[in-house]
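See structure below.
The values are calculated or read from the model by the stated rules, or taken from the named source; none is laboratory data. Computed from a predicted model, the values in this text were never measured in an experiment. Glycine gets a Cβ as well: all are built from the backbone with ideal geometry, and neighbour counts include every protein chain shown.
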Amino acid sequence: MDGLAALPHPRNELVRDYVPGSPEVVAVQAELVRLRSERPELTCTIAGQQRSGGGEPLDVVEPHNHAHVLGTLHQASPADVGDAVDAALAAGAAWRELHYTERAAVLLRAADLLAGPRRPTLNAATMLGQSKSVFQAEIDAACELIDFLRFNVSFGERLLTERLNSPPGSWNRFDHRPLEGFVLAITPFNFTAIAGNLPLAPALMGNTVVWKPSPTQQLAAHYTMRLLETAGLPPGVINLVTGDGVAVSQVAVPHRDLAGIHFTGSTGTFQQLWATVGENIGRYRGYPRLVGETGGKDFVIAHPSAGGLIEELCAALVRGAFEYQGQKCSAASRAYIPRSIWPQLRDRLVAATEDISYGNVADLKNFGGAVIDRRAYDRAAAVIAALRADPACRIIAGGGVDDRVGYFVQPTIVECDDPEHDVFMTEYFAPILAVHIFADPRYDDVVAQAADVAPYALTGAVWGADRPAIAASLQALRYAAGNIYVNDKPTGATVGQQPFGGARASGTNDKAGSGFNLMRWVSPRVIKETFVPSRDYRYPHMG
Ligand code: NAD
């Protein structure tokens with residue numbers, strides 16, 4: 001088909017409110033009931049065929065009610081992963097040759113299906129499997145994934161239509177080739193949108209993919225795969241393999257045709273994958289692209305001029321630290337508050353924190369649910385026990401844990417005098433907010449110290465009304481965060497508005513949901529054509 005089709009201009013998907021009795025509540029509740037009554041096999045999908053992994057079984061449970069099994073997966077075996085790589089390679093030629101607008105159409109159709117009939121299913125799966133409140137599921141599984149789909153189509157179009165300078169007599173153009181080989185997408189438990197975007201962004205640019213979701217996100221990943229099939233994604237373009245990733249590390253990472261890894265998860269896992277690539281560097285056909293968004297120790301720093309913003313600062317801290325049980329990579333986990341405003345903030349913050357209800361997310365009145373699994377619970381419980389026993393720390397809110405029904409960790413605030421304490425440096429990935437109170441005149445020193453004390457540089461926020469102080473803080477914190485906020489919480493980046501990612505130990509900062517990211521999944525070829533080539537080898541200066 002000829003014709004330079006302009007793709008639809010994207011707009012952010014509107015977030016629904018889920019007020020009691022609304023149609024969206026009725027729809028999501030019906031799906032919660034349905035998904036809870038089923039117990040499917042959560043399969044691999046290889047070359048368009050669903051099949052059980054060849055390894056050990058693993059139950060996927062509700063974190064807030066761990067006795068309830070939502071489905072069972074079998075770990076993908078090395079043979080399954082080998083088949084998935086072969087399927088991706090076999091599907092490569094046809095997918096690459098399909099015009100960008102046709103590939104884009106699959107994503108646009110998936111976006112509309114998700115905005116419409118599939119919305120309650122993916123939201124309900126995310127609520128049950130990952131223990132998200134309905135609002136947290138809506139902004140993730142529905143809105144952010146829809147935005148990734150629609151905006152990436154537009155960013156890709158921009159990349160493909162970029163012009164090169166062509167002086168008279170010649171024509172220069174790009175051929176944005178998909179990478180040679182397959183892309184490996186390894187995705188985290190905490191965002192259904194990221195899990196969908198990591199295989200889809202390279203696929204949009206013409207790559208074929210092996211996708212390994214987190215086992216604790218497998219329920220929503222299962223329904224994401226079904227959504228893509230309905231949208232018309234050809235078999236083999238994205239091949240889903242289940243399990244903990246051991247077989248993927250053994251088979252796909254050292255594979256000669258590995259063209260890139262698109263990863264989001266912990267810093268340790270990414271470093272391990274990078275090291276494996278390094279060990280195998282002589283075996284690959286090309287240099288694999290390594291794109292990874294990893295951990296954070298995200299800060300909120302208040303200037304003494306934030307005294308007129310106490311209620312706002314309090315709300316931002318509570319939402320930033322305790323939404324989704326502190327399990328966002330961008331979650332506020334350390335706050336620096338001037339002594340002059342702490343007395344007004346402290347009681348309000350403690351009261352709001354103790355008011356938070358974590359419980360069964362199917363009860364929409366709850367603010368949040370449980371932490372993701374036994375490992376996360378045990379880690380958080382151990383951290384809280386250590387803080388309780390530490391004379392340098394005072395727990396001023398929360399501190400309770402209870403795993404009888406679900407993996408519940410109370411939202412916890414710990415005050416600590418030593419700004420070099422572990423609570424200001426280590427990512428716990430739990431609802432634990434560390435607070436350091438400082439003498440007002442030390443503000444600049446505190447900012448400088450906070451900028452470098454943790455190995456991460458993902459998100460942060462500065463609060464205040466004094467404009468020169470805010471400007472100086474932004475400068476001092478220039479390399480401390482890839483996404484920084486003024487008078488806002490450090491979470492909630494929106495596709496098309498705040499492209500997301502951090503540097504240092506937080507990742508390669510390739511900004512998911514932007515043209516920067518899509519550029520990593522193409523290998524440009526430049527074509528120069530001369531319309532009337534010279535007939536003479538000699539130059540004018542030769543007389
Ligand atoms: P994780 O590192 O435990 O797991 C991530 C993925 O890697 C999962 O699919 C897991 O099964 C897989 N994996 C683990 N070991 C593997 C191995 N040896 N070989 C192959 N695959 C392997 O992370 P998680 O607990 O799922 O997610 C939480 C982490 O993700 C936090 O550190 C958080 O900060 C980070 N995160 C970062 C961003 C960001 O944009 N920067 C976004 C979301 C989450």
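Take the residues in the range 279-306 that are crowded, with 17+ Cβ neighbours inside 10 Å and among the acidic types (Asp, Glu); name whichever of them is farthest from the ligand (Cβ to nearest atom).
In this case the residue turns out to be 298.
Let me confirm something: among 534, 523, 514, which residue is assigned by TED's automatic domain parsing to the domain that holds residue 204 and out of contact with any strand residue (DSSP E or B) (no Cβ under 8 Å at 6 or more places or on another chain)?
Selected residue: 514, the only one of 534, 523, 514 that is assigned by TED's automatic domain parsing to the domain that holds residue 204 and out of contact with any strand residue (DSSP E or B) (no Cβ under 8 Å at 6 or more places or on another chain).
Quick one: residue 344 ticks every box in (1) farther than 17 Å from residue 490 by Cβ; (2) surrounded by 23 or more Cβ atoms within 10 Å (Cβ to Cβ) except a single one, so which number is it?
With respect to (1) farther than 17 Å from residue 490 by Cβ; (2) surrounded by 23 or more Cβ atoms within 10 Å (Cβ to Cβ), residue 344 is out only on (2).
Please go through the range 213-239 and give me each residue that is more than 20 Å from residue 123 (Cα to Cα), buried (at least 21 other Cβ atoms within 10 Å of the Cβ) and of a type outside the set (Val, Ile, Thr), ordered by number.
Answer for the range 213-239, where residues must be more than 20 Å from residue 123 (Cα to Cα), buried (at least 21 other Cβ atoms within 10 Å of the Cβ) and of a type outside the set (Val, Ile, Thr): 233, 236, 239.
Does residue 276 satisfy the criteria of being closer than 28 Å to residue 178 by Cβ, within 11 Å of the ligand (Cβ to nearest atom), surrounded by fewer than 17 Cβ atoms within 10 Å (Cβ to Cβ) and touching a residue at least 12 places away in the same chain (Cβ under 8 Å)?
Yes: the conditions hold for residue 276.
Is it fair to say residue 309 is in contact with a Phe, Trp or Tyr (Cβ under 8 Å, 6 or more places away or on another chain), surrounded by 24 or more Cβ atoms within 10 Å (Cβ to Cβ) and assigned to a helix (DSSP H, G or I)?
Considered against the rule, which asks whether it is in contact with a Phe, Trp or Tyr (Cβ under 8 Å, 6 or more places away or on another chain), surrounded by 24 or more Cβ atoms within 10 Å (Cβ to Cβ) and assigned to a helix (DSSP H, G or I), residue 309 comes out as no.
Filter the range 318-371 for residues that are of a type in the set (Ser, Thr, Tyr) and under 18 Å from residue 436 (Cα atoms) and give the result.
Those that are of a type in the set (Ser, Thr, Tyr) and under 18 Å from residue 436 (Cα atoms): 333, 336, 340, 353.
What is the one condition in (1) within 14 Å of the ligand (Cβ to nearest atom); (2) under 15 Å from residue 44 (Cβ atoms); (3) surrounded by 24 or more Cβ atoms within 10 Å (Cβ to Cβ) that residue 244 does not satisfy?
Failing condition for residue 244: (3).
Check whether at least one residue in the range 262-273 is more than 12 Å from the ligand (Cβ to nearest atom), in a helix (DSSP H, G or I) and either touching a His at 6+ places or on another chain (Cβ under 6 Å) or without any contact (Cβ under 8 Å) to a residue 60 or more places away in the chain (or both), and report yes or no.
no
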